[in-house]
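The values are calculated or read from the model by the stated rules, or taken from the named source; none is laboratory data. A quick note: this is a predicted structure, and the numbers were derived from the prediction, not measured. Cβ sites come from the backbone with ideal geometry, for glycine too, and all protein chains shown count toward neighbours. Accessible surface areas use protein heavy atoms only, side chains included; no ligands, DNA or RNA. Shrake-Rupley method; radii C 1.70, N 1.55, O 1.52, S 1.80 Å.
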Amino acid sequence: MKTLSIGLIGTGYMGKCHALAWNAVASVFGDVPRPRLVMLAEASQELAERKAQELGFERATGDWRALVNDPGIDVVSITTPNAFHPDMAIAALEAGKHVWCEKPMATRLADAERMLAAARASGKVAALGYNYIQNPVMRLIRRILDEGQIGRVNHVRLEMDEDFMANADDLFYWKSEASSGHGALDDFGVHPLSLLWVLLGGVRRVCGHMAKPYAERPVQGGGRRAVETYDIATVLMELESGASGVLALNRSAWGRKGRIFVQIFGSNGTIVYDQERMNEVQLYTADGAKEAQGFRTILTGPQHPPYDKFIPAPGHGLGFNDLKIIECRELMRRIAGEKAHLIDFEDGIRIERTIDAMARSAHEGRWVEV
Ligand code: NAD
(Lines give C-alpha, C1' and ligand atoms only; values in the text may rest on other atoms or scores of the structure.)
Protein backbone atom coordinates (compact mmCIF):
# COMPACT_ATOMS: atom_id res chain seq x y z
CA MET A 1 0.00 0.00 0.00
CA LYS A 2 1.39 3.41 -0.98
CA THR A 3 1.81 6.24 1.53
CA LEU A 4 -1.07 8.68 1.03
CA SER A 5 -0.74 12.46 1.21
CA ILE A 6 -3.75 14.09 2.83
CA GLY A 7 -5.50 17.44 2.41
CA LEU A 8 -8.22 18.46 4.90
CA ILE A 9 -10.86 21.16 4.26
CA GLY A 10 -12.59 22.41 7.40
CA THR A 11 -11.52 21.93 11.02
CA GLY A 12 -14.78 22.12 13.02
CA TYR A 13 -16.48 19.16 14.70
CA MET A 14 -15.94 16.78 11.79
CA GLY A 15 -12.67 18.31 10.58
CA LYS A 16 -11.08 17.48 13.92
CA CYS A 17 -12.61 13.99 13.76
CA HIS A 18 -11.03 13.36 10.31
CA ALA A 19 -7.70 14.79 11.49
CA LEU A 20 -7.70 12.50 14.53
CA ALA A 21 -8.45 9.54 12.26
CA TRP A 22 -5.65 10.35 9.81
CA ASN A 23 -3.26 10.80 12.76
CA ALA A 24 -4.27 7.52 14.47
CA VAL A 25 -5.09 5.05 11.69
CA ALA A 26 -1.60 3.60 11.24
CA SER A 27 -1.00 3.28 14.99
CA VAL A 28 -4.37 1.60 15.65
CA PHE A 29 -4.33 -0.87 12.78
CA GLY A 30 -0.63 -1.42 12.12
CA ASP A 31 -1.37 -2.66 8.58
CA VAL A 32 -1.54 0.64 6.67
CA PRO A 33 1.28 3.10 5.99
CA ARG A 34 1.23 6.28 8.11
CA PRO A 35 -0.43 9.00 5.98
CA ARG A 36 1.40 12.29 5.40
CA LEU A 37 -0.73 15.20 6.61
CA VAL A 38 0.27 17.66 3.90
CA MET A 39 -2.16 20.56 3.81
CA LEU A 40 -5.16 22.00 5.62
CA ALA A 41 -7.64 24.62 4.33
CA GLU A 42 -9.87 26.84 6.43
CA ALA A 43 -12.03 29.88 5.82
CA SER A 44 -9.06 32.19 6.57
CA GLN A 45 -5.28 31.84 6.36
CA GLU A 46 -4.91 32.71 10.03
CA LEU A 47 -7.33 30.03 11.22
CA ALA A 48 -5.78 27.51 8.81
CA GLU A 49 -2.30 28.12 10.22
CA ARG A 50 -3.45 27.76 13.83
CA LYS A 51 -5.33 24.54 13.06
CA ALA A 52 -2.47 23.08 10.99
CA GLN A 53 -0.25 23.47 14.04
CA GLU A 54 -2.82 21.85 16.36
CA LEU A 55 -3.75 18.97 14.08
CA GLY A 56 -0.29 18.18 12.69
CA PHE A 57 -0.51 19.33 9.06
CA GLU A 58 2.62 20.57 7.23
CA ARG A 59 1.05 23.48 5.31
CA ALA A 60 -2.01 25.74 5.62
CA THR A 61 -4.14 27.75 3.21
CA GLY A 62 -7.14 30.05 3.34
CA ASP A 63 -8.08 28.99 -0.21
CA TRP A 64 -9.55 25.48 -0.56
CA ARG A 65 -9.03 25.56 -4.35
CA ALA A 66 -5.26 25.78 -3.79
CA LEU A 67 -5.53 22.61 -1.70
CA VAL A 68 -7.57 20.55 -4.18
CA ASN A 69 -5.22 21.57 -7.03
CA ASP A 70 -2.00 20.87 -5.12
CA PRO A 71 -0.12 18.14 -7.01
CA GLY A 72 1.29 16.78 -3.74
CA ILE A 73 -2.10 15.64 -2.39
CA ASP A 74 -3.74 12.22 -2.99
CA VAL A 75 -6.88 12.38 -0.82
CA VAL A 76 -9.09 15.32 0.15
CA SER A 77 -11.18 15.18 3.34
CA ILE A 78 -14.19 17.51 3.01
CA THR A 79 -15.69 18.49 6.36
CA THR A 80 -17.32 21.83 5.57
CA PRO A 81 -21.05 22.64 5.84
CA ASN A 82 -23.27 20.69 3.42
CA ALA A 83 -23.77 23.48 0.88
CA PHE A 84 -19.99 23.47 0.11
CA HIS A 85 -19.77 19.71 -0.60
CA PRO A 86 -20.67 19.70 -4.33
CA ASP A 87 -18.18 22.37 -5.47
CA MET A 88 -15.37 21.02 -3.30
CA ALA A 89 -15.89 17.34 -4.10
CA ILE A 90 -16.28 17.90 -7.84
CA ALA A 91 -13.19 20.15 -8.01
CA ALA A 92 -11.14 17.59 -6.06
CA LEU A 93 -12.28 14.68 -8.25
CA GLU A 94 -11.60 16.68 -11.40
CA ALA A 95 -8.09 17.40 -10.08
CA GLY A 96 -7.56 13.63 -9.79
CA LYS A 97 -7.88 13.29 -6.00
CA HIS A 98 -9.69 10.65 -3.98
CA VAL A 99 -12.44 12.22 -1.88
CA TRP A 100 -13.70 11.54 1.64
CA CYS A 101 -16.73 13.80 2.01
CA GLU A 102 -18.94 14.24 5.05
CA LYS A 103 -22.62 13.35 4.80
CA PRO A 104 -25.06 14.26 3.35
CA MET A 105 -23.69 14.52 -0.19
CA ALA A 106 -25.46 17.82 -0.90
CA THR A 107 -28.47 19.95 0.00
CA ARG A 108 -30.20 19.23 -3.34
CA LEU A 109 -30.51 15.90 -5.15
CA ALA A 110 -29.41 17.45 -8.48
CA ASP A 111 -26.08 18.45 -6.89
CA ALA A 112 -25.58 14.97 -5.45
CA GLU A 113 -26.19 13.49 -8.91
CA ARG A 114 -23.50 15.84 -10.32
CA MET A 115 -21.10 14.64 -7.60
CA LEU A 116 -21.77 11.03 -8.58
CA ALA A 117 -21.14 11.84 -12.26
CA ALA A 118 -17.81 13.50 -11.34
CA ALA A 119 -16.81 10.47 -9.27
CA ARG A 120 -17.61 8.10 -12.13
CA ALA A 121 -15.70 10.24 -14.65
CA SER A 122 -12.64 10.48 -12.38
CA GLY A 123 -12.30 6.78 -11.59
CA LYS A 124 -11.18 7.87 -8.10
CA VAL A 125 -12.54 6.64 -4.77
CA ALA A 126 -15.35 8.91 -3.51
CA ALA A 127 -16.41 7.92 0.00
CA LEU A 128 -18.93 9.41 2.43
CA GLY A 129 -18.66 9.97 6.18
CA TYR A 130 -21.24 7.43 7.33
CA ASN A 131 -19.26 6.48 10.44
CA TYR A 132 -22.10 4.73 12.33
CA ILE A 133 -21.98 1.77 9.93
CA GLN A 134 -18.40 1.14 11.16
CA ASN A 135 -19.43 0.26 14.71
CA PRO A 136 -18.41 -3.37 15.42
CA VAL A 137 -21.98 -3.74 16.76
CA MET A 138 -23.31 -3.24 13.23
CA ARG A 139 -21.15 -6.08 11.90
CA LEU A 140 -22.47 -8.25 14.73
CA ILE A 141 -26.08 -7.33 13.90
CA ARG A 142 -25.38 -8.12 10.26
CA ARG A 143 -24.10 -11.55 11.29
CA ILE A 144 -27.13 -12.20 13.49
CA LEU A 145 -29.35 -11.33 10.52
CA ASP A 146 -27.34 -13.41 8.03
CA GLU A 147 -27.44 -16.41 10.35
CA GLY A 148 -31.22 -16.11 10.50
CA GLN A 149 -31.23 -15.86 14.30
CA ILE A 150 -34.29 -13.59 14.28
CA GLY A 151 -35.83 -15.26 11.24
CA ARG A 152 -37.29 -13.29 8.34
CA VAL A 153 -37.28 -9.54 8.98
CA ASN A 154 -40.78 -8.13 8.65
CA HIS A 155 -40.55 -4.68 10.22
CA VAL A 156 -37.90 -2.11 11.13
CA ARG A 157 -38.29 1.01 13.23
CA LEU A 158 -35.59 3.69 13.09
CA GLU A 159 -35.53 6.75 15.32
CA MET A 160 -33.01 9.56 15.58
CA ASP A 161 -33.42 12.25 18.20
CA GLU A 162 -31.20 15.06 19.47
CA ASP A 163 -31.97 18.28 21.30
CA PHE A 164 -29.66 20.82 19.67
CA MET A 165 -32.69 22.65 18.17
CA ALA A 166 -35.01 22.07 21.14
CA ASN A 167 -34.78 25.50 22.74
CA ALA A 168 -37.36 27.82 21.14
CA ASP A 169 -35.36 30.84 22.37
CA ASP A 170 -32.14 29.88 20.54
CA LEU A 171 -31.18 32.33 17.79
CA PHE A 172 -32.01 31.66 14.15
CA TYR A 173 -28.95 30.17 12.36
CA TRP A 174 -28.21 28.49 9.03
CA LYS A 175 -29.83 25.16 9.95
CA SER A 176 -33.23 26.92 9.86
CA GLU A 177 -32.62 28.30 6.36
CA ALA A 178 -34.06 26.48 3.33
CA SER A 179 -30.64 26.68 1.63
CA SER A 180 -29.34 24.15 4.23
CA GLY A 181 -31.77 21.46 2.99
CA HIS A 182 -35.07 20.01 4.28
CA GLY A 183 -34.15 19.88 7.99
CA ALA A 184 -34.05 16.74 10.16
CA LEU A 185 -34.39 14.50 7.09
CA ASP A 186 -31.12 15.33 5.38
CA ASP A 187 -29.32 16.88 8.36
CA PHE A 188 -29.32 13.62 10.28
CA GLY A 189 -32.00 11.26 8.96
CA VAL A 190 -29.34 10.07 6.53
CA HIS A 191 -27.53 8.38 9.44
CA PRO A 192 -30.26 5.84 10.35
CA LEU A 193 -30.80 5.35 6.61
CA SER A 194 -27.11 4.45 6.24
CA LEU A 195 -27.64 1.74 8.89
CA LEU A 196 -30.77 0.56 7.12
CA TRP A 197 -28.83 0.39 3.83
CA VAL A 198 -26.03 -1.82 5.17
CA LEU A 199 -28.27 -4.00 7.36
CA LEU A 200 -31.43 -4.47 5.31
CA GLY A 201 -30.97 -2.84 1.89
CA GLY A 202 -32.89 -0.18 -0.02
CA VAL A 203 -36.28 1.50 0.31
CA ARG A 204 -38.95 1.05 -2.38
CA ARG A 205 -41.55 3.71 -1.46
CA VAL A 206 -42.26 6.21 1.28
CA CYS A 207 -45.02 8.30 2.82
CA GLY A 208 -43.62 11.21 4.80
CA HIS A 209 -44.70 14.02 7.07
CA MET A 210 -42.54 16.96 8.21
CA ALA A 211 -43.25 19.41 11.01
CA LYS A 212 -41.88 22.65 12.46
CA PRO A 213 -42.07 22.72 16.27
CA TYR A 214 -41.29 26.45 16.20
CA ALA A 215 -42.59 28.62 13.35
CA GLU A 216 -40.04 31.39 14.00
CA ARG A 217 -36.90 32.09 16.00
CA PRO A 218 -35.31 35.23 17.45
CA VAL A 219 -32.69 36.96 15.33
CA GLN A 220 -29.39 38.38 16.58
CA GLY A 221 -29.87 42.09 17.29
CA GLY A 222 -33.66 41.86 17.68
CA GLY A 223 -36.76 40.74 15.79
CA ARG A 224 -37.84 37.29 14.69
CA ARG A 225 -37.43 35.27 11.49
CA ALA A 226 -39.63 32.53 10.04
CA VAL A 227 -38.10 29.03 10.28
CA GLU A 228 -37.78 27.49 6.79
CA THR A 229 -36.73 23.91 7.64
CA TYR A 230 -38.49 21.02 9.38
CA ASP A 231 -36.96 19.84 12.66
CA ILE A 232 -39.31 16.83 12.87
CA ALA A 233 -40.00 14.18 10.23
CA THR A 234 -41.99 10.94 10.36
CA VAL A 235 -41.98 8.51 7.44
CA LEU A 236 -43.64 5.21 6.63
CA MET A 237 -41.46 3.01 4.42
CA GLU A 238 -41.79 -0.09 2.30
CA LEU A 239 -38.37 -1.71 1.87
CA GLU A 240 -37.18 -3.44 -1.30
CA SER A 241 -37.15 -6.66 0.75
CA GLY A 242 -40.92 -6.26 1.29
CA ALA A 243 -40.56 -5.44 4.99
CA SER A 244 -42.33 -2.37 6.35
CA GLY A 245 -40.59 0.40 8.26
CA VAL A 246 -40.93 3.63 10.18
CA LEU A 247 -38.38 6.45 10.34
CA ALA A 248 -38.95 9.05 13.08
CA LEU A 249 -36.61 12.05 13.41
CA ASN A 250 -36.56 14.96 15.81
CA ARG A 251 -33.74 17.43 16.29
CA SER A 252 -35.77 19.35 18.89
CA ALA A 253 -36.20 16.37 21.26
CA TRP A 254 -35.32 17.59 24.77
CA GLY A 255 -33.08 15.17 26.61
CA ARG A 256 -32.02 13.13 23.61
CA LYS A 257 -28.33 13.73 22.95
CA GLY A 258 -27.24 11.28 20.29
CA ARG A 259 -30.02 8.77 20.01
CA ILE A 260 -30.22 6.50 17.01
CA PHE A 261 -32.65 3.79 18.07
CA VAL A 262 -33.01 0.78 15.80
CA GLN A 263 -35.50 -2.04 16.28
CA ILE A 264 -35.48 -4.92 13.80
CA PHE A 265 -38.39 -7.32 14.16
CA GLY A 266 -38.24 -10.81 12.61
CA SER A 267 -40.29 -13.98 12.52
CA ASN A 268 -38.15 -15.48 15.31
CA GLY A 269 -36.86 -12.55 17.31
CA THR A 270 -35.94 -8.89 17.69
CA ILE A 271 -32.72 -6.86 17.64
CA VAL A 272 -32.52 -3.52 19.49
CA TYR A 273 -29.68 -1.00 19.22
CA ASP A 274 -29.30 2.45 20.78
CA GLN A 275 -26.45 4.73 19.66
CA GLU A 276 -26.38 6.32 23.15
CA ARG A 277 -25.26 2.87 24.33
CA MET A 278 -23.11 2.19 21.30
CA ASN A 279 -21.13 -0.73 22.74
CA GLU A 280 -24.03 -3.09 23.20
CA VAL A 281 -26.89 -4.74 21.38
CA GLN A 282 -30.05 -6.40 22.71
CA LEU A 283 -31.12 -9.69 21.20
CA TYR A 284 -34.34 -11.63 21.77
CA THR A 285 -34.98 -14.97 20.13
CA ALA A 286 -38.07 -17.09 20.55
CA ASP A 287 -35.93 -20.20 21.13
CA GLY A 288 -35.69 -22.57 24.08
CA ALA A 289 -38.00 -22.82 27.09
CA LYS A 290 -40.61 -20.04 27.27
CA GLU A 291 -39.86 -19.36 30.94
CA ALA A 292 -36.24 -18.49 30.06
CA GLN A 293 -36.99 -16.21 27.11
CA GLY A 294 -36.11 -12.52 27.30
CA PHE A 295 -33.80 -9.90 25.84
CA ARG A 296 -30.13 -10.44 26.48
CA THR A 297 -27.44 -7.77 26.25
CA ILE A 298 -24.30 -8.50 24.25
CA LEU A 299 -21.36 -6.19 25.05
CA THR A 300 -18.74 -5.71 22.35
CA GLY A 301 -15.19 -6.89 22.88
CA PRO A 302 -12.13 -8.13 20.98
CA GLN A 303 -14.24 -10.93 19.49
CA HIS A 304 -16.09 -8.25 17.47
CA PRO A 305 -13.57 -6.91 14.94
CA PRO A 306 -12.03 -4.41 14.72
CA TYR A 307 -12.63 -3.68 18.43
CA ASP A 308 -9.50 -5.76 19.13
CA LYS A 309 -7.33 -3.22 17.29
CA PHE A 310 -8.24 -0.57 19.87
CA ILE A 311 -8.48 -2.41 23.20
CA PRO A 312 -7.70 -6.01 24.26
CA ALA A 313 -10.32 -6.01 27.05
CA PRO A 314 -14.04 -6.63 26.41
CA GLY A 315 -16.77 -4.26 27.58
CA HIS A 316 -14.46 -1.22 27.87
CA GLY A 317 -16.09 0.46 24.89
CA LEU A 318 -15.20 2.33 21.73
CA GLY A 319 -16.20 5.96 21.18
CA PHE A 320 -17.56 8.12 18.37
CA ASN A 321 -14.13 9.20 17.08
CA ASP A 322 -12.99 5.56 16.91
CA LEU A 323 -15.65 4.88 14.26
CA LYS A 324 -13.96 7.50 12.05
CA ILE A 325 -10.61 5.75 12.48
CA ILE A 326 -12.20 2.49 11.29
CA GLU A 327 -13.80 4.34 8.36
CA CYS A 328 -10.42 5.88 7.51
CA ARG A 329 -8.79 2.47 7.29
CA GLU A 330 -11.62 1.17 5.10
CA LEU A 331 -11.05 4.15 2.81
CA MET A 332 -7.32 3.40 2.61
CA ARG A 333 -8.09 -0.21 1.73
CA ARG A 334 -10.52 0.86 -1.00
CA ILE A 335 -7.90 3.23 -2.44
CA ALA A 336 -5.41 0.35 -2.46
CA GLY A 337 -7.92 -1.67 -4.52
CA GLU A 338 -8.95 -3.95 -1.64
CA LYS A 339 -12.48 -4.88 -0.60
CA ALA A 340 -13.73 -2.34 1.92
CA HIS A 341 -16.84 -1.61 3.99
CA LEU A 342 -17.79 1.95 2.99
CA ILE A 343 -20.68 3.98 1.66
CA ASP A 344 -19.37 5.59 -1.50
CA PHE A 345 -21.13 8.02 -3.86
CA GLU A 346 -22.76 5.05 -5.69
CA ASP A 347 -24.46 3.88 -2.47
CA GLY A 348 -24.79 7.39 -1.08
CA ILE A 349 -26.95 8.51 -3.98
CA ARG A 350 -29.48 5.84 -2.98
CA ILE A 351 -29.74 7.51 0.43
CA GLU A 352 -30.05 10.97 -1.18
CA ARG A 353 -32.81 9.74 -3.53
CA THR A 354 -34.64 8.21 -0.58
CA ILE A 355 -34.46 11.48 1.37
CA ASP A 356 -35.64 13.42 -1.69
CA ALA A 357 -38.61 11.06 -2.10
CA MET A 358 -39.47 11.45 1.60
CA ALA A 359 -39.47 15.26 1.35
CA ARG A 360 -41.55 15.21 -1.86
CA SER A 361 -43.99 12.82 -0.25
CA ALA A 362 -44.36 15.11 2.78
CA HIS A 363 -44.98 18.17 0.58
CA GLU A 364 -47.42 16.36 -1.72
CA GLY A 365 -49.19 14.34 0.99
CA ARG A 366 -48.96 10.98 -0.79
CA TRP A 367 -46.84 7.82 -1.17
CA VAL A 368 -43.81 8.35 -3.45
CA GLU A 369 -41.65 5.70 -5.17
CA VAL A 370 -37.90 6.07 -4.47
P1 NAD B 1 -18.58 22.94 11.77
O2 NAD B 1 -19.30 24.22 11.61
O3 NAD B 1 -18.16 22.49 13.13
O4 NAD B 1 -17.25 22.95 10.88
C5 NAD B 1 -17.24 23.41 9.55
C6 NAD B 1 -15.85 23.94 9.27
O7 NAD B 1 -15.78 24.33 7.90
C8 NAD B 1 -15.51 25.18 10.11
O9 NAD B 1 -14.25 24.99 10.71
C10 NAD B 1 -15.50 26.29 9.08
O11 NAD B 1 -14.63 27.37 9.41
C12 NAD B 1 -15.03 25.55 7.84
N13 NAD B 1 -15.30 26.26 6.59
C14 NAD B 1 -16.42 26.96 6.26
N15 NAD B 1 -16.26 27.51 5.05
C16 NAD B 1 -15.04 27.14 4.59
C17 NAD B 1 -14.31 27.40 3.40
N18 NAD B 1 -14.81 28.15 2.42
N19 NAD B 1 -13.07 26.87 3.26
C20 NAD B 1 -12.56 26.10 4.25
N21 NAD B 1 -13.19 25.83 5.42
C22 NAD B 1 -14.44 26.34 5.58
O23 NAD B 1 -19.49 21.86 11.06
P24 NAD B 1 -19.51 20.28 11.35
O25 NAD B 1 -20.51 20.00 12.40
O26 NAD B 1 -18.13 19.79 11.45
O27 NAD B 1 -20.19 19.77 9.99
C28 NAD B 1 -19.41 19.65 8.83
C29 NAD B 1 -19.95 18.52 7.99
O30 NAD B 1 -19.89 17.31 8.74
C31 NAD B 1 -21.41 18.69 7.58
O32 NAD B 1 -21.55 18.21 6.27
C33 NAD B 1 -22.15 17.80 8.56
O34 NAD B 1 -23.37 17.31 8.01
C35 NAD B 1 -21.17 16.69 8.78
N36 NAD B 1 -21.30 16.01 10.08
C37 NAD B 1 -21.15 14.67 10.10
C38 NAD B 1 -21.25 13.97 11.30
C39 NAD B 1 -21.05 12.49 11.30
O40 NAD B 1 -21.37 11.83 12.29
N41 NAD B 1 -20.50 11.92 10.25
C42 NAD B 1 -21.49 14.67 12.49
C43 NAD B 1 -21.62 16.06 12.42
C44 NAD B 1 -21.52 16.73 11.22
> For the stretch 141-298, what is the accessible area per residue in Å², given a 1.4 Å probe and the full set of protein chains?
Replying inline: 44 Å²
> When only alpha-carbon atoms count, how far does the stretch 59-123 stretch along each of its three principal axes, as whole angstroms with the largest first?
Replying inline: 34, 25, 14
>> As a test of understanding, state the convex hull volume per residue of the stretch 179-232 from its alpha carbons, in Å³.
In response: 93 Å³
> Rounded to the nearest 500, what is the chain's calculated 222 nm mean residue ellipticity when only DSSP H runs of at least 4 contribute -39500 (n - 2.57) each, over all residues?
Replying inline: -10000 deg cm²/dmol
>> Using amide H atoms built in the peptide plane, which far-off residues or other-chain residues are under 5 Å from L40 H to H?
In response: L8, R59, A60, T61
> Can you give the Kirkwood hydrodynamic radius for the stretch 222-345, in Å, rounded to one decimal and based on Cα pairs?
Replying inline: 18.4 Å
> Accessible area per residue of the stretch 5-128 at 1.4 Å probe, in Å²?
Replying inline: 39 Å²
>> Can you work out the Karplus-derived ³J(HN,Hα) for every residue in the stretch 155-170? Use 6.51 cos²θ - 1.76 cosθ + 1.60 with θ = phi - 60°, whole Hz, and x for glycine or proline.
In response: 8, 9, 10, 10, 10, 9, 9, 9, 10, 6, 10, 6, 7, 4, 8, 5
> What translational D, rounded to a whole number of µm²/s, comes out for the stretch 93-190 from Stokes-Einstein when the hydrodynamic radius is the Kirkwood one over Cα pairs, at 10 °C and 1.306 mPa s?
Replying inline: 94 µm²/s
> Once the principal axes of the Cα atoms of the stretch 132-369 are found, what is the range along each, listed largest first in whole angstroms?
Replying inline: 60, 41, 37
>> Treating only the Cα positions of the stretch 173-293 as identical point scatterers, give the base-10 log of I(q)/I(0) from the Debye formula at each q in 0.10, 0.15, 0.16 Å⁻¹.
In response: -0.42, -0.81, -0.89
> Over the chain, what is the relative contact order in whole percent, taking alpha-carbon pairs under 8 Å and six or more residues apart?
Replying inline: 19 percent
> Can you put T354, T3 in order of accessible area, largest first, using a 1.4 Å probe?
Replying inline: T3, T354
> If you roll a 1.4 Å probe over the chain with all protein chains in place, what percent of the accessible area is carbon or sulfur?
Replying inline: 49 percent
> Dividing the alpha-carbon radius of gyration of the stretch 145-185 by 2.2 N^0.38 Å (N being the number of residues), what value is obtained?
Replying inline: 2.00
> Amide H neighbours of K103 under 5 Å, counting only residues 5+ apart in sequence or on other chains, H built in-plane at 1.01 Å?
Replying inline: G129
> Under unit Cβ charges (Lys, Arg +1; Asp, Glu -1), what dipole magnitude, rounded to 20 debye, does the chain have relative to its Cα centre?
Replying inline: 420 debye
> How much net charge surrounds G245 when only the other residues with a Cβ under 12 Å from the Cβ of G245 are counted, with Lys and Arg +1 and Asp and Glu -1?
Replying inline: 0
>> I'd like the Kirkwood hydrodynamic radius of the stretch 5-128, using the inverse of the mean 1/r over distinct C-alpha pairs, in Å.
In response: 14.3 Å
> What's the center-to-center distance, using Cα atoms, between the stretch 296-370 and the stretch 122-160 in Å?
Replying inline: 7 Å
>> Distances longer than 16 Å among the Cα atoms of the stretch 294-353: what percent of all pairs is that?
In response: 59 percent
